[in-house]
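S.K.: Mind having a look at this structure? Questions to follow.
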Protein chains: 2
Amino acid sequence: MQERALIASIRHMAGHGPSALRVSIGDDCAVWRPGTGREIIVTTDQLAEGVHYPAANAPARLLGARLVGRGLSDIAAMGGEPRLAFLNVAWPTALPERWCLDFLRGFAAETRRWKTAWAGGDVSSISGPAVASITVIGEVPAGQALLRSGARPGDLLYVSGRLGAAALRNMRRITPRLALGQALRGRATACMDLSDGLSTDLHHLCKESGVGAVVEAPRIPVASTLDRALNWGEDYELLFTARPNTRIPTRLADVTITCIGRCTRRASGVRIEDADGRCGPLEPRGWQHLG
Amino acid sequence: MQERALIASIRHMAGHGPSALRVSIGDDCAVWRPGTGREIIVTTDQLAEGVHYPAANAPARLLGARLVGRGLSDIAAMGGEPRLAFLNVAWPTALPERWCLDFLRGFAAETRRWKTAWAGGDVSSISGPAVASITVIGEVPAGQALLRSGARPGDLLYVSGRLGAAALRNMRRITPRLALGQALRGRATACMDLSDGLSTDLHHLCKESGVGAVVEAPRIPVASTLDRALNWGEDYELLFTARPNTRIPTRLADVTITCIGRCTRRASGVRIEDADGRCGPLEPRGWQHLG
């Protein structure tokens with residue numbers, strides 16, 4: 001699809017936003033006024049042909065929606081409310097117009113669904129595989145962002161939903177746990193989203209918090225197999241910790257919550273305990289990313 | 001270069017920022033507290049191999065710096081102060097480690113130079129040409145952002161620096177006009193940066209403001225030829241307007257300022273007048289982008 005036609009389509013689909021968004025596409029920057037006493041949270045993500053999806057028969061509309069979902073899942077993990085989304089695409093001119101428009105429609109629909117203004121972006125025509133890049137900006141009451149670094153030894157370890165479901169149907173629509181993340185403000189001591197697989201993500205959380213952890217395998221809410229629940233990734237559920245005396249309901253913001261273990265001192269490492277009480281190291285076997 | 005090694009390098013180089021940046025690389029989002037009474041401004045840009053620079057012998061360190069410069073130039077055009085930068089790269093594994101590290105070093109040094117915190121990003125290993133994507137977040141006193149839409153008939157038209165210089169040495173380091181943009185707050189009625197060439201960018205400004213314009217060719221501060229000054233692009237100077245009774249010094253924030261014409265009623269279109277007073281339409285012959 002030609003760059004100029006792409007730009008015209010994006011201008012048509014994007015830019016509708018809340019009144020706090022004073023300026024969007026058409027100026028050098030988007031201009032937005034955060035609420036009083038708020039902190040800004042920012043995340044970026046990418047979707048590359050041949051890496052995150054196969055080159056042939058990739059469902060464009062779903063991919064556009066998934067890129068938004070992945071960005072919003074990071075906002076959810078901080079307990080934030082999404083506000084603005086920006087889309088950069090570097091696409092080969094040979095990509096069919098229908099594919100491009102479907103991707104953009106999926107992106108636009110998903111931002112609307114989660115009340116996030118599509119506030120800008122950039123278009124480049126390249127000669128190689130398609131790359132799309134999202135930035136999402138959200139806000140959170142100052143000092144209340146859920147960080148990865150707040151867990152302490154003795155905290156209990158929880159996950160939302162069921163894990164390993166993505167392995168059953170990899171190209172699912174993502175439901176970012178925004179309402180859950182917001183409900184966890186003031187309750188969770190640490191939180192992150194499960195994008196790389198529980199085994200890898202738990203290591204990240206423990207490292208940032210300076211703790212160890214023990215996961216009780218029989219308690220993990222498994223959608224298919226334990227191996228997939230631990231290592232598959234792409235679940236976009238929340239992994240979080242809370243003090244043992246904090247009441248965490250088994251259902252919160254319409255999602256099932258399961259206690260799967262506890263935090264320990266750092267020196268104990270990250271371990272998994274089977275039904276017979278045998279304990280071994282939980283190796284990080286999921287994906288590796290920047291953060 | 002391997003993804004894991006890239007991530008380690010980025011973690012090492014990035015994340016150092018002002019205390020208002022509470023959290024950066026290592027968590028799901030960066031967390032940042034804007035100043036009281038401030039609006040947030042956001043811009044994104046891309047740099048693609050084979051589009052913005054040739055595949056062979058591309059000077060990596062300069063490219064990393066230029067990507068920052070292009071983002072900051074948009075912040076300058078709004079009269080803003082840059083705060084956070086995010087870098088997404090989709091790079092082929094075959095890119096030499098030295099090239100990647102030089103690009104990252106150029107990016108890191110340029111963010112430091114302009115007191116902007118490199119606060120996060122994403123890394124993907126792809127099979128095609130390199131694509132890098134930047135998001136810059138800045139702030140501006142609420143209501144004082146310099147928009148493209150504020151020009152009125154009768155306003156005078158100004159540019160900073162000399163135009164067409166990029167044509168002489170295309171792969172220059174970019175000096176974003178941040179101090180100038182900030183000095184223009186409360187003085188300029190509209191402002192944008194010259195990235196696509198004066199002829200094209202003036203059309204953008206006129207369209208957003210709903211005005212026409214007349215440029216007096218002999219007044220344009222030409223670095224090489226008039227054609228290059230009008231159509232080459234990549235100058236990253238500021239184009240702005242001010243009421244005729246607003247005093248605009250010929251030198252502001254260490255940059256030469258030149259009055260090159262005036263705004264007219266929309267119906268008159270965008271025109272150029274030669275030394276003999278002959279007037280014709282100024283066609284947009286520069287680049288076309290999203291905004």
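Only the coordinates and a few stated rules stand behind these numbers; no lab work does. No experiment lies behind these values; they were computed from the predicted model shown. Please note: Cβ atoms are built from the backbone with ideal geometry, for glycine as well, and neighbour counts cover all protein chains shown.
S.K.: Placing the label point 7 Å from Cα along the Cα-to-Cβ direction, what are the distances from residue A:105 to the equivalent spots in the other copies, shortest first, in nm to one decimal?
M.R.: Listed shortest first, these distances are 4.9 nm.
S.K.: Computed FRET efficiency, Cβ-Cβ of residue A:179 and residue B:276, R0 56 Å: what is it to the nearest 0.05?
M.R.: Given R0 = 56 Å and the Cβ-Cβ separation, E is 0.25.
S.K.: How fast does the stretch B:71-137 diffuse by Stokes-Einstein, in µm²/s, taking the Kirkwood radius from C-alpha pairs at 10 °C and 1.306 mPa s?
M.R.: 125 µm²/s
S.K.: How large is the charge dipole for the stretch A:8-132, taken about the Cα centre, if only the Cβ atoms of Lys, Arg (+1) and Asp, Glu (-1) carry charge, to the nearest 20 debye?
M.R.: Dipole magnitude for the stretch A:8-132 comes out near 420 debye.
S.K.: Answer with one residue from B:256, B:246, B:136: the one whose Cα lies farthest towards the positive end of the charge dipole of chain B, charges on Cβ with Lys, Arg +1 and Asp, Glu -1.
M.R.: Value: B:246.
S.K.: Expressed as an acute angle from 0 to 90° and rounded to the nearest 10, what is the orientation of the C-alpha long axis of helix B:198-209 relative to the principal long axis of chain B?
M.R.: Around 80 degrees separate the two axes.
S.K.: Using only Cα atoms, find the angle between the long axis of helix A:97-113 and the longest principal axis of chain A, and express it within 0 to 90 degrees, rounded to the nearest 10.
M.R.: 50 degrees
S.K.: Oh, and also: If amide hydrogens are placed 1.01 Å from N in the peptide plane, which non-local residues have theirs closer than 5 Å to the one on residue A:154?
M.R.: Amide H to amide H, under 5 Å and 5 or more residues apart or across chains, residue A:154 pairs with A:263, A:264.
S.K.: Whats the longest run of chain A with zero trypsin sites (Lys or Arg not before Pro) that are DSSP loop and have at most 10 other Cβ atoms within 10 Å?
M.R.: Answer - A:1-168.
S.K.: How large is ³J(HN,Hα), in whole Hz, for each residue of the stretch B:218-232 in order, when computed from phi with the Karplus curve 6.51 cos²θ - 1.76 cosθ + 1.60 and θ = phi - 60°, using x for Gly and Pro?
M.R.: With coefficients 6.51, -1.76 and 1.60, one gets x, 8, 5, x, 8, 7, 9, 10, 4, 4, 5, 4, 7, 10, 6 Hz.
S.K.: Could I ask something else about it? Mind listing the long-range amide H neighbours of residue A:22? Cut-off is under 5 Å, sequence gap 5 or more, other chains count too, H placed in the peptide plane at 1.01 Å from N.
M.R.: Answer set, sorted by chain and number: A:31, A:32, A:33.
S.K.: Within 10 Å of each Cβ in B:148-158, how many Cβ atoms from other chains are there, averaged over the peptide? Numbers along the way, then the final one.
M.R.: On the way: counts 4, 3, 0, 0, 0, 0, 0, 0, 0, 0, 0.
If you average over the peptide's residues, the count of other-chain Cβ atoms is 1.
S.K.: Please quote Rg/Rh for chain A to two decimal places, taking the Kirkwood radius as Rh and restricting both calculations to Cα atoms.
M.R.: On the Cα set of chain A, Rg over Rh gives 1.00.
S.K.: Given a Förster distance of 56 Å, report the FRET efficiency between residue B:285 and residue A:226 from their Cβ-Cβ distance, rounded to the nearest 0.05.
M.R.: 0.35
S.K.: Work out the mean other chain Cβ neighbour count within 10 Å for the residues of B:117-128 and drop it here as an integer.
M.R.: Mean number of neighbouring Cβ atoms from other chains: 6.
S.K.: Something else about it: Please identify the chymotrypsin sites (Phe, Trp or Tyr not before Pro) of the stretch A:1-101 that satisfy two criteria: DSSP loop assignment and at most 12 other Cβ atoms within 10 Å. Which are they? Mind showing how you got there, number by number?
M.R.: Details: sites: A:32, A:86, A:99; in loops: none.
Taking the stretch A:1-101 and a limit of 12 other Cβ atoms within 10 Å, no loop chymotrypsin sites (Phe, Trp or Tyr not before Pro) are found.
S.K.: Residue A:265 to residue A:219: extension gain in nm, 0.36 nm per residue of separation minus the Cα-Cα distance?
M.R.: On the way: separation 46, 0.36 × 46 = 16.56 nm, distance 2.11 nm.
Stretched fully, the residue A:265-residue A:219 segment lengthens by 14.5 nm.
S.K.: For every other residue with a beta carbon closer than 14 angstrom to the beta carbon of residue A:184, add +1 if it is Lys or Arg and -1 if Asp or Glu, then tell me the sum.
M.R.: So the environment of residue A:184 carries a net charge of +1.
S.K.: How far is residue B:254 from the same spot in each other copy, in nm, shortest first, if each label point sits 7 Å from Cα toward Cβ?
M.R.: Result, one decimal in nm: 5.5.
S.K.: Here is a follow-up. Considering Cα pairs under 8 angstrom that are at least six residues apart, work out the relative contact order of the stretch B:12-77 and quote it in whole percent.
M.R.: Averaging sequence separation for qualifying contacts and normalising by length gives 23 percent for the stretch B:12-77.
S.K.: Per-residue mean of other chain beta-carbon atoms within 10 angstrom of the beta-carbon, peptide B:75-83?
M.R.: Shielding by partners across B:75-83 averages 2.
S.K.: Can you work out the Karplus-derived ³J(HN,Hα) for every residue in the stretch A:71-77? Use 6.51 cos²θ - 1.76 cosθ + 1.60 with θ = phi - 60°, whole Hz, and x for glycine or proline.
M.R.: With the stated coefficients, the stretch A:71-77 comes to x, 5, 5, 5, 5, 4, 5 Hz.
S.K.: Please identify, among B:42, B:51, B:211, the residue showing maximal mean-square fluctuation in a Gaussian network model of chain B using a 10 angstrom Cα cutoff.
M.R.: B:51
S.K.: Using only the Cα atoms of the stretch B:167-291, build the gyration tensor, take square roots of its eigenvalues as a ≥ b ≥ c, and label the shape rounded, prolate or oblate: rounded if a/c is under 1.5, else prolate if a/b is larger than b/c, else oblate. Kindly include the intermediate steps, with their values, before the conclusion.
M.R.: Numbers: a/c = 1.37, a/b = 1.08, b/c = 1.27.
Rounded, since a/c falls under 1.5.
S.K.: Then there's this: Per residue of the stretch A:115-126, in order, report the coupling 6.51 cos²θ - 1.76 cosθ + 1.60 (Karplus, θ = phi - 60°) as ³J(HN,Hα) in whole Hz, putting x for Gly and Pro.
M.R.: 6, 10, 7, 7, 10, x, x, 8, 10, 10, 9, 10
S.K.: With angles folded into 0 to 90 degrees, how steeply does helix A:3-13 sit against the dominant principal axis of chain A? Use alpha carbons for both and round to 10.
M.R.: Roughly 70 degrees, rounded to the nearest 10.
S.K.: Just how large is the dipole of the stretch B:240-291 about the Cα centre, in debye to the nearest 20, putting +1 at every Lys and Arg Cβ and -1 at every Asp and Glu Cβ?
M.R.: 280 debye
S.K.: Counting pairs of alpha carbon atoms under 8 Å apart in space and at least six apart in sequence, what relative contact order in percent does chain A give?
M.R.: Computed over chain A, the figure is 21 percent.
S.K.: Still on this structure, I have one more. How far, in whole Å, is the closest Cβ of chain A from the axis that maps A onto B, and which residue does it belong to?
M.R.: Result for the axis mapping A onto B: A:128, 1.
S.K.: Next question. Dipole magnitude of the protein assembly as shown about its Cα centre, charges +1 at Lys/Arg Cβ and -1 at Asp/Glu Cβ only, in debye to the nearest 20? All intermediate terms of the calculation are to be shown ahead of the outcome.
M.R.: Working: 70 positive and 56 negative charges, 259 e Å.
Dipole about the Cα centre, nearest 20: 1240 debye.
S.K.: For the stretch B:117-163 and the stretch A:172-209, compute the distance between their C-alpha centroids and round to whole Å.
M.R.: Cα centroid of the stretch B:117-163 versus Cα centroid of the stretch A:172-209: 32 Å apart.
S.K.: Straight-line reach from residue A:115: which aspartates and glutamates have a Cα under 14 Å away, not including same-chain ones fewer than 8 places off?
M.R.: Within the straight-line cut-off, residue A:115 pairs with A:81, A:139.
S.K.: If you don't mind, there's one more thing I want to ask. For chain A, what does the helix formula give at 222 nm: sum of -39500 (n - 2.57) over DSSP H segments with n ≥ 4, over the residue count, nearest 500 deg cm²/dmol?
M.R.: When only DSSP H runs of four or more count, the value is -7500 deg cm²/dmol.
S.K.: Anyone know which of A:159, A:270, A:255 comes out most mobile in the 10 Å Cα GNM of chain A?
M.R.: Between A:159, A:270, A:255, it is A:255 that shows the largest mean-square fluctuation.
S.K.: Assume the label is 7 Å from Cα along Cα to beta carbon: what separations in nm does residue A:20 have to the matching positions in the other copies?
M.R.: 1.7
S.K.: Taking H placed 1.01 Å from N in the peptide plane, check which residues at least 5 places from residue B:126 or on another chain put their amide H under 5 Å from its amide H.
M.R.: B:91, B:93
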